[in-house]
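What follows is a single structure, written as structure tokens, with notes after it.
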Amino acid sequence: MLTRKKIEDAHERLQNRIHRTPMLSSQTLNDKVGASVFIKAEHLQKTGSFKIRGAMNRVLKAKESGANHVVAASSGNHGQAVAYAARSLGLAATIVVPETVIAAKEKAIKAYGGIVIHCGTTSEERLDYAQQVVKEITGATYIPPYDDYELMAGQGTVGLEILAQVKQAEVVVVPVGGGGLMSGVATAIKSMYPAIQVIGVEPEDANDTEQSIEAGKRLSIPAAQTIADGLRASVPGELTFPILQSNVDEIVTVSDEAIREACQFYLARMKQVVEPSGAVTLAALLVGKIDHQGGTVVLVASGGNVDLEAIGELV
């Protein structure tokens with residue numbers, strides 16, 4: 001199971017292997033929304049996203065168990081993180097990505113030494129294919145993108161850092177895809193300060209978690225077309241979903257237009273490149289989806305891997 005102790009162990013294991021990302025703030029943003037807002041800058045993390053936390057923790061475990069090759073399925077950021085972690089630990093890596101993968105993310109995976117295989121457009125397609133690949137490679141281990149307790153524990157270190165950096169946090173807002181980041185952060189925060197509101201954000205076109213929580217069971221949705229490519233999960237994780245049900249106070253959704261405007265705010269007002277998947281939390285705040293009552297809000301900006309060519313479309 002995912003516990004605070006497991007997250008604290010991951011925090012110790014990851015010392016000197018990842019960045020302790022900073023908290024950013026903007027008086028313009030504070031005035032605009034009427035709250036004290038802090039941005040957890042995971043877009044400045046190694047490999048450009050929070051994913052290195054869980055990937056490094058899980059790949060370390062795989063190496064300890066004798067693996068010499070790791071295989072992952074990813075829309076891009078998890079794949080980059082696994083490839084980076086594998087290379088740093090002396091392992092080979094194969095990454096299964098969708099046919100629609102962002103070009104910059106594929107290039108980064110290859111730059112980190114990963115072998116790239118394209119498969120389908122949905123998360124279910126690439127997850128299934130990646131597990132087939134594992135069976136064909138001697139000594140290979142599968143590294144899930146979110147549905148794994150060690151991986152969630154690594155992501156949960158974001159929550160520990162938030163609590164250490166912002167002493168009076170009242171609301172913490174996190175992007176939700178498969179649920180690994182949210183599971184880790186929510187577990188870390190609720191185990192220590194249950195009164196803090198933990199809110200998840202999904203794109204309107206990829207709201208599998210919102211629908212599943214409303215239904216009380218995991219539901220699968222059609223392939224999403226949202227610009228937030230890292231949040232296009234088709235169904236919540238089998239392991240992450242019960243954690244989200246127990247520890248998340250609310251799930252809200254935002255439109256692609258709101259996400260685009262959030263990316264523009266980061267660029268124009270804060271001089272930060274945050275990818276659409278990482279900007280959904282700011283989008284939710286800007287359109288009034290976060291009930292903060294003028295208090296202290298922490299937004300997780302989960303990644304910053306954007307194609308240079310795509311920036312033109314965002315602005």
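Every read-out reported here was derived from the displayed coordinates using simple, explicitly stated rules and does not represent laboratory data. Just so it is clear, the model here is predicted, and its values are computed rather than measured. Using ideal geometry, Cβ is built from the backbone for each residue, glycine included, and neighbour counts are taken over all protein chains shown.
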Handout entry: DSSP-defined beta bridges in the chain - what % are antiparallel, rounded to 5
Key = 10
Problem - Equivalent ellipsoid dimensions for the chain as semi-axes, Å, which come from the Cα gyration tensor, largest first - result: 28, 21, 19
Handout entry: All Cα pairs of segment 51-142, percent lying beyond 16 Å
Key = 45
Practice task
Assuming R0 = 22 Å, can you tell me the calculated FRET efficiency for the pair D31 and E250, based on Cβ-Cβ distance, to the nearest 0.05?
Solution key: 0.30
Exercise for the section: Mind counting lysine pairs for me in segment 51-142? Cα separation below 17 Å, and the two need to be 8 or more apart along the chain or on different chains. Expected result: 4
Exercise for the section: In whole Hz, with x marking every Gly and Pro, tabulate ³J(HN,Hα) for segment 167-183 from phi via Karplus 6.51 cos²θ - 1.76 cosθ + 1.60, θ = phi - 60°. Expected result: 6, 10, 4, 10, 9, 10, 10, 10, x, 10, x, x, x, x, 5, 4, 4
Handout entry: Exposed GluC sites (Glu not before Pro) absent: longest stretch of the chain, with sites in DSSP loops and at most 12 other Cβ within 10 Å deemed exposed
Key = 100-237
Completion exercise
Note, segment 31-47: 3J(HN,Hα) by Karplus (6.51, -1.76, 1.60, θ = phi - 60°), whole Hz, Gly/Pro = x, goes 5, 5, 9, x, 8, 9, 10, 10, 9, 7, 7, 6, 6, 9, 6, 3, 6
Exercise for the section: As a check on your grasp of the helix formula, calculate [θ] at 222 nm for the chain: sum -39500 (n - 2.57) over DSSP H runs of n ≥ 4, divide by the residue count, round to the nearest 500. Expected result: -14000 deg cm²/dmol
Problem - Calculated P(r) of segment 1-73 - Cα pairs past 20 Å, % - result: 49
Problem - Virtual paramagnetic centre 7 Å along Cα→Cβ of A111, amide N under 11 Å, in segment 26-63 - result: 47-48
Practice task
Quickly work out the H19-to-K135 label distance, labels modelled 7 Å from Cα along the C-beta direction, and quote it in nm with one decimal.
Solution key: 4.0
Handout entry: Candidates A188, A72, A92, ranked by Gaussian network fluctuation over the chain, Cα under 10 Å, top entry
Key = A92
Practice task
With everything on Cα atoms, drop me the angle between helix 276-286 and the longest principal axis of the chain, reported from 0 to 90° to the nearest 10.
Solution key: 20
Exercise for the section: List every residue whose amide H lies under 5 Å from the amide H of V254, counting only residues 5 or more places away in sequence or on a different chain, with H placed 1.01 Å from N in the peptide plane. Expected result: E202, E204
Fill in the blank from the handout: Along segment 222-236, Karplus-curve 3J(HN,Hα) (6.51, -1.76, 1.60; θ = phi - 60°) to the nearest Hz, with x for Gly and Pro, reads x, 4, 8, 10, 4, 5, 7, 5, x, 10, 8, 5, 8, 7, x
Exercise for the section: Run the quick spin-label model on E313 and M192: label points 7 Å from Cα toward the beta carbon, then report their separation in nm to one decimal. Expected result: 3.9
Fill in the blank from the handout: Once amide hydrogens are built 1.01 Å from N within the peptide plane, the residues lying 5 or more places from Q272 or on another chain with amide H under 5 Å from its amide H are L267
